[in-house]
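J.: Can you read through this structure? Questions will come right after.
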Amino acid sequence: MAIRIVSSDEVRELGEDALPLSITRDGELLDATSAAPAEPIARLDVAPRADGTPGFFVQPGDDARVLLHGRAITETTWLDDGDVLDVGGTELRVRRHADAWELSSGATVTDEPDGLVLVDESDDPIVIEATELTLRPLPQRTRTRRRPGVAAVLAGVVLLGLGLALAFLFLARTVTVEVLPSPDRLAVEGNPLRLELDGRRLLWPGSYRVQASAAGHHDLDVPIEVDGRRQQVFRFEMEPLPGLVHVVFEPEPGEVPMSVQVDEDENRPFDGTPLELTAGEHALLFLVEGHLPARTTVLVRGRGEEQEHRVTLVPDAARLSVASEPSGARVRIDGTPLGRTPLSVGLASGRHRLAVSKSGYLTEERTITIEPGRDVDLGVIALARAPGQLTVKTTPTGARVNVDGADRGTAPMTLELPSNRELSVRAELPGHAPVSRRLRLAPGEQRALELTLSPTLGTLTFDVAPADAELLVDGVSRGRVPASMDLPTVTHRIELRAPGHQPWSTTLTPSTDRPRLVSVSLDSLATIQARRTPPKVKTASLGDMVLVAPGEFRMGASRREPGRRSNEVLRQVRLTRPFYLATTEVTNALYSQFDPSHRSGSLRGHPLDADDQPVVRVSWDAAARFCNWMSQREGLPFAYVESGGEMVPVTPTTTGYRLPTEAEWEWAARHADGGPARRYSWGDRLPVPAGAANLGDSTAAQLLPRVLDTFTDGHLVTAPVGSFAADRRGLHDLSGNVAEWVQDVYGIPTAGSGAVTDPLGPGSGESHAIKGSSWMHATVSQLRLSYRDHGQDGRPDLGFRLARSPEPGGSS
C-alpha cells in the first residue's frame, strides 16, 4: 500500500519503504528512513483494519494540536475518504483510491535534490527529506524481466531489512517507564531490540521486567505486562533504604541488659548495634537496667545514611548514708545484709525496709523511700538496749502479775522488761496471799520465774432444809451439806439440790474476819407449780378459766355400757401437764368482736343470736382463727398457723389460746371431782334430774325428732351461757346447750393399742372431733360424756370453749 502526495499538476508516490511518515513541530514531513527527527506532532501510517481491509490512520503526538474537521483529537484515529486534517497549522486532505491513499494540500510538487518539497500558498515549504529514499512515478507499462545484478540483490536485502523493521514497528507499542526518583540505571529486560526514543520504548505486547537502581534506594525489579494499546505508561517509586542510627548513651551504662521499643511496638533486646529505621520521625523508648526509662524522638534521614543520636540516661538509684550509736551495727535492706555502720551504699529507687541491729540492742526498723538522683542521709540512729525476757508462772495459775506497780496481765505469761535495772515483780490472786520478787535482767537475757501463792481461807456455815440436800461449790459436788466448810476467800458459786425441790444457787465470798451463814429452805416442785398455776385466772373477755390438773384415766366406754358407739374405743390415757379451761362457751357478743359479719341466726323463728347465747354455725377453721385473734389481743403467741389455706396447731404447744384436746375435754368433764369417771355430767343414771342441763326437752317436740318426754329445762333452743349449775371445778354446760369443737382431727383409735400420753389424734383428716351433748340431743348415746361426733362445718347446736397451757410444750 502506498501514499500519494499530489499537487494540481503532477503526482509523486511514497512506497511502503518510506512508511510511516512523521510531521514535526517545525513542519517537516519525514519518512521512516530519515535520520532521528525532532519530536513529531503526528504520525501517519497504514495498517489493516479489524476486517482485514487496508486502513490509514493518524496518531497525535503528546500535547500535539491535531484537528480532524476542526475538532481536536488526542488518540489514534482511523481516516476516511474526504477527511481534512490540520496538523501543526498545515491542512491535509485525504482521498481513497483503489490501490492507494492520496494526501494532498494546496501546494506545488517539485523535484529537488534534497527531496520532495510541498509548497503551500504561504510559500513556507514543508520539506520531505528523502535520505536513501527513491521517489518514482507510478508504473505506466509492463517491462521485460531481467536477471538482477549484484546491486539489485543488495537492494533486495536492504528492502527485506526495511520490511522486517516496518513489521516490528507495526506490531510494537509505545511504552513509557517512569521511575521516581530518577534512577542511575533503568532497563526493561526481555526487549531484544532495545529501541528507545526520548524515554519511549517500542515493545511488542508481552511480559517484561523493569529493573532500576539509584543511590540510597532499594533496587527495583518488577514485572510489567504490555497489552495491545498503542501507548502505555508504567510508573514506579523506589523504596528508600533505611537510615542507620548509632545510639550513644550519656553516661555509658556498661554491660547491663537493655531493650528498645520503636514507635510503641514490642520491646526487643538492644545490644548497641545501629538501628535500621525508615526515613521520618520515630519515638524510641530505651529500658536500661539500673536507669529510668529513657524516651526520645529521632528524625531519620534514611537512604542508607548513618547518623548519631545521643540519649541521656538517669540512674534509677541514689546513695543511702547511715550511722549508728554504738557503731558497728549490721545494716540490712529488704532482708539483704549490706555491711556495718557507718555505711554509704547505692540503692535502687522505690520503698525499702531498713533494719539496723546489734547484739544486746533493739533492732531499729524503718521504711525509706529512694528517689532517683536524690541521696538520703539518715544521720546517726541511737540503738536502745535490748530488753530481757521474763516468763512468769504461778501456782495456782491465773494470778495477776504487775511489774514496778504496773499490771501486766495474768500468769502464765512472758514479758519483755528493761535490762540492767532492778525490777519488782508481784503476783496477786484473790483468796491467796500475794508474793513479790526483785530481780535484774541482762540485755537479751531469758529467765523463768515461778511463784507459789498460799490460799487465805474463810468459813461458811449452813442451815439448809431439807437436811439431805446436796452441796455444789463452783460446780463441783461436795456431797451432803455439812455444818460448816473452809473455802479460799474468793467468790464462789454455791448450789443446793434435793429431789422434788427447786434447786437454789448464789455467789458469795468467804471472809477471814468471821464465818458466813448460808440459811436456805428449798421449795418443793409442787409448791412452785402451785405458784405458777393458780387454780383460777380471770380474763378480760372470757371471764374465768379454771386449772385442770393432769392425771391418768380410761378414755372411751366399755362395750357393755348402754348406748356405747363403736368409735368410743376404751384406752388408757395419761395427761402430764395441767391446762386451763374456760368455764363457759364463747358467746355471740365476744365472737362478733372478731367477726362482725357473723350471724348465729335462728331456727324456725327461734333466735340463736342473742349476745349471751353461745355462738353457733362456726366451722372448726373459724374457731382456730378466733383463738389466734384472742392470743394477739393479749400478747400471747399464736397456737395455730395457716398451711395450705387451712389452720393447723403449732407444735410444741404454745401458751396462746386454743381448743382443748379431746382427751383434755373428756378428762375435765368425766373426772370433775377427782374420783371415778362419770357416765353423765350429773352422775351415772337416768333420768336427767331437773335443772341438770339444756337438752332436747319436751317443749322442743315441734323442733326435734326425739325429745325427753318427762324433762323440761325452760329453754326451747340455746340458753344464755352459765344458765345451769357448774360442776365441782366450776365448768358450765359440758353437757347440753351446744356441743363443742375440740382440737383433734377425728379418727377411731385402734383397740388394744396400750396407754398413750398426751394424745393429739391423727395427723390429718377431713373432719375434726366434737364432744358433748347439745340442746338438740335426747338419746342415751348422745347424753353420755364419752359420746363422740365429728364434722367440718358449723351447725345450730355446735359451738366451742377455749383452753390454754400455763407453759409451752403442754399437751395439745
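The values are calculated or read from the model by the stated rules, or taken from the named source; none is laboratory data. Keep in mind it's a predicted model, so treat the numbers as computed, not measured. So basically every Cβ, Gly included, is an ideal-geometry build from the backbone, and we count neighbours across all protein chains shown. Areas reflect the complete protein model, heavy atoms only, side chains present, ligands, DNA and RNA absent. Shrake-Rupley method; radii C 1.70, N 1.55, O 1.52, S 1.80 Å.
J.: Enumerate the residues in the range 395-419 having an amide nitrogen under 11 Å from the point lying 7 Å beyond the Cα of T363 toward its Cβ.
T.: none
J.: Hey, what's the chain come to in accessible area per residue, 1.4 Å probe, Å²? It would help to have the intermediate numbers written out before the result.
T.: On the way: 42470 Å² over 812 residues.
With the other protein chains kept in place, the chain gives 52 Å² per residue.
J.: Continuing with this model, one more query. Relative contact order of the chain, please, whole-number percent, based on alpha carbon pairs below 8 angstrom and at least 6 residues apart.
T.: Numbers: 1840 pairs, mean separation 48.1, N = 812.
Taking the mean separation of contacting Cα pairs over the length of the chain, I get 6 percent.
J.: Equivalent ellipsoid semi-axes for the range 663-812, as square roots of 5 times the alpha carbon gyration tensor eigenvalues: give them largest first, rounded to whole Å.
T.: 27, 18, 15
J.: What is the spin-label model distance, in nm, from T491 to S182 if the labels are put 7 Å beyond Cα along the C-beta direction?
T.: Those two pseudo-labels are separated by 11.4 nm.
J.: How high is the relative contact order of the range 165-289, given as a whole-number percent (alpha carbon pairs under 8 Å, six or more residues apart)?
T.: Reported relative contact order: 23 percent.
J.: Further question: Can you spot the lysines whose alpha carbon is less than 27 Å from K536's alpha carbon? Ignore those fewer than 8 places along the same chain.
T.: K771
J.: What's the extension gain from D523 to A549 if we count 0.36 nm per residue and subtract their Cα-Cα distance? Don't skip to the end; give the middle numbers.
T.: Values: separation 26, 0.36 × 26 = 9.36 nm, distance 1.96 nm.
Length difference between fully extended and current span is 7.4 nm.
J.: Computed from the mean reciprocal separation of all distinct C-alpha pairs, what Kirkwood hydrodynamic radius does the range 416-575 have, in Å?
T.: By the Kirkwood definition, the hydrodynamic radius is 22.5 Å.
J.: In what sequence, highest mean first, do 225-232, 411-418 appear when ranked by Cβ atoms within 10 angstrom?
T.: Numbers: 225-232: 12.8, 411-418: 16.0.
So the order, starting with the most tightly packed, is 411-418, 225-232.
J.: Would you work out which of T391, P48, T533 lies farthest towards the positive end of the dipole of the chain, given +1 charges on the beta-carbon of Lys and Arg and -1 on that of Asp and Glu, about the Cα centre?
T.: My answer, from the dipole projection, is T533.
J.: What order do you get for 445-457, 761-773, 588-600 when each peptide is scored by the mean count of other beta carbon atoms within 10 Å, highest first?
T.: Values: 445-457: 14.3, 761-773: 18.3, 588-600: 15.8.
Top to bottom by mean Cβ count within 10 Å: 761-773, 588-600, 445-457.
J.: Under a point-charge model restricted to the Cβ atoms of Lys and Arg (+1) and Asp and Glu (-1), what is the dipole moment magnitude of the range 619-668 relative to its Cα centre, in debye to the nearest 20? Don't skip to the end; give the middle numbers.
T.: On the way: 3 positive and 7 negative charges, 45 e Å.
For this selection, approximately 220 debye.
J.: So what is the 222 nm mean residue ellipticity for the chain from helices alone, if each DSSP H run of at least 4 adds -39500 (n - 2.57) and you divide by all residues, rounding to the nearest 500 deg cm²/dmol? All intermediate terms of the calculation are to be shown ahead of the outcome.
T.: On the way: 6 runs with 64 residues, N = 812.
Here the helix-only value at 222 nm equals -2500 deg cm²/dmol.
J.: Using protein chains only and a probe of 1.4 angstrom, how many square angstrom of H97 are accessible, to the nearest 10?
T.: 70 Å²
J.: Then there is this: Residue separation times 0.36 nm, minus the C-alpha to C-alpha distance between R353 and S505: what's the value?
T.: Numbers: separation 152, 0.36 × 152 = 54.72 nm, distance 5.98 nm.
Here the segment from R353 to S505 would lengthen by 48.7 nm.
J.: Using alpha carbon coordinates only, what is the Rg to Rh ratio of the range 598-637, with Rh defined as the Kirkwood radius? Show your work: numbers first, answer last.
T.: Details: Rg = 13.0 Å, Rh = 11.7 Å.
That ratio equals 1.11.
J.: State the Cα centre-to-centre distance between the range 245-287 and the range 507-577 in whole Å.
T.: Centre-to-centre distance over Cα atoms comes out at 99 Å.
J.: Starting from the amide H of L449, placed 1.01 Å from N in the peptide plane, find each other amide H under 5 Å away whose residue is 5 or more places distant or on another chain.
T.: Amide H neighbours of L449, under 5 Å, 5+ apart: T391, V392, K393.
J.: Follow-up. If we sort 496-503, 170-177 on the protection proxy, mean other Cβ atoms within 10 Å, highest first, what's the order?
T.: On the way: 496-503: 15.2, 170-177: 17.5.
Output ranking for 496-503, 170-177: 170-177, 496-503.
J.: Under 5 Å between amide H atoms, partner at least 5 residues away or on a different chain: which partners does A214 have, H built in plane at 1.01 Å?
T.: D184
J.: Another one. With each label point set 7 Å from Cα along the Cα-Cβ vector, what nm distance links H97 and E450?
T.: Between H97 and E450, the label points sit 15.2 nm apart.
J.: Given a Förster distance of 56 angstrom, what is the FRET efficiency for L703 paired with T750, based on the Cβ-Cβ distance and rounded to 0.05? Show your work: numbers first, answer last.
T.: On the way: r = 39 Å, r/R0 = 0.69.
Computed FRET efficiency for L703 and T750 comes out at 0.90.
J.: Still on this structure, I have one more. Report the charge-dipole magnitude of the range 435-581 in Debye, nearest 20, computed about the Cα centre from +1 at each Lys and Arg Cβ and -1 at each Asp and Glu Cβ.
T.: Magnitude of the dipole: close to 700 debye.
J.: For A726 and Q231, compute 0.36 nm times the residue count separating them, minus their Cα-Cα distance, and round to one decimal in nm. Show your work: numbers first, answer last.
T.: Values: separation 495, 0.36 × 495 = 178.20 nm, distance 13.74 nm.
Value of the extension gain: 164.5 nm.
J.: Which values, in whole Å and largest first, are the semi-axes of the equivalent ellipsoid of the range 489-597 obtained as the square root of 5 times each eigenvalue of the Cα gyration tensor? Before the final figure, lay out each step's value.
T.: Values: eigenvalues 482, 127, 20 Å².
Ellipsoid half-lengths, sorted descending, are 49, 25, 10 Å.
J.: Another question, if that's okay. At a 1.4 Å probe, what is the % contribution of carbon and sulfur to the accessible area of the range 204-279?
T.: Values: 2280 of 4610 Å².
That share works out to 49 percent.
J.: To continue, here is another question. Carbon-plus-sulfur fraction of the accessible area of the range 501-632, 1.4 Å probe, in percent?
T.: Working: 3200 of 6720 Å².
For the range 501-632, the apolar C and S fraction of the accessible surface comes to 48 percent.
J.: With r as the distance between the Cβ atoms of E308 and L285 and R0 = 22 Å, compute the FRET efficiency 1/(1 + (r/R0)^6) and round to 0.05.
T.: Numbers: r = 19 Å, r/R0 = 0.85.
Rounded to the nearest 0.05, the efficiency is 0.70.
J.: Here's a follow-up. Once both axes come from the Cα atoms, what is the angle between helix 150-171 and the longest principal axis of the chain, in degrees from 0 to 90, rounded to 10?
T.: 20 degrees
J.: Assign one of three labels to the range 323-460, namely rounded, prolate or oblate, based on the Cα gyration tensor with a ≥ b ≥ c the square roots of its eigenvalues; rounded applies when a/c is under 1.5, prolate when it is not and a/b is larger than b/c, and oblate otherwise.
T.: Details: a/c = 4.40, a/b = 3.17, b/c = 1.39.
Because a/c hits 1.5 or more and a/b exceeds b/c, the range 323-460 counts as prolate.
J.: Can you tell me the Rg and Dmax of the range 417-504, counting just the alpha carbons, in angstroms?
T.: Here Rg and the maximum Cα pair distance are 21.4, 67 Å.
J.: Let me ask another. Under a Cβ-Cβ cut-off of 14 Å, what is the net charge of the residues other than P443 that fall near it, where Lys and Arg count +1 and Asp and Glu count -1? It would help to have the intermediate numbers written out before the result.
T.: Working: positive: K358, R385, R421, R440, R447; negative: E416, E445.
Taking every other residue near P443 into account, the sum is +3.
J.: Need one number: convex hull volume per residue for the chain, Cα atoms only, in Å³. List each step's numbers first, then the result.
T.: Details: hull volume 430.4 nm³, N = 812.
It is 530 Å³ per residue.
J.: In whole percent, and with a 1.4 Å probe on the protein chains, what portion of the accessible area of the range 388-465 is carbon and sulfur? Intermediate values should be presented prior to the final figure.
T.: Details: 1860 of 4040 Å².
Answer for the range 388-465 is 46 percent, counting heavy atoms of protein chains only.
J.: Taking the Cα atoms of the range 194-236, report the difference between the largest and smallest coordinate on each principal axis, in whole Å and largest first.
T.: 35, 21, 17
J.: I've got another one for you. So if I place +1 on the C-beta of Lys and Arg and -1 on the C-beta of Asp and Glu, and nothing else carries charge, what would the dipole magnitude of the chain be about its Cα centre? I want it in debye, nearest 20.
T.: The calculated dipole for the chain is roughly 8020 debye.
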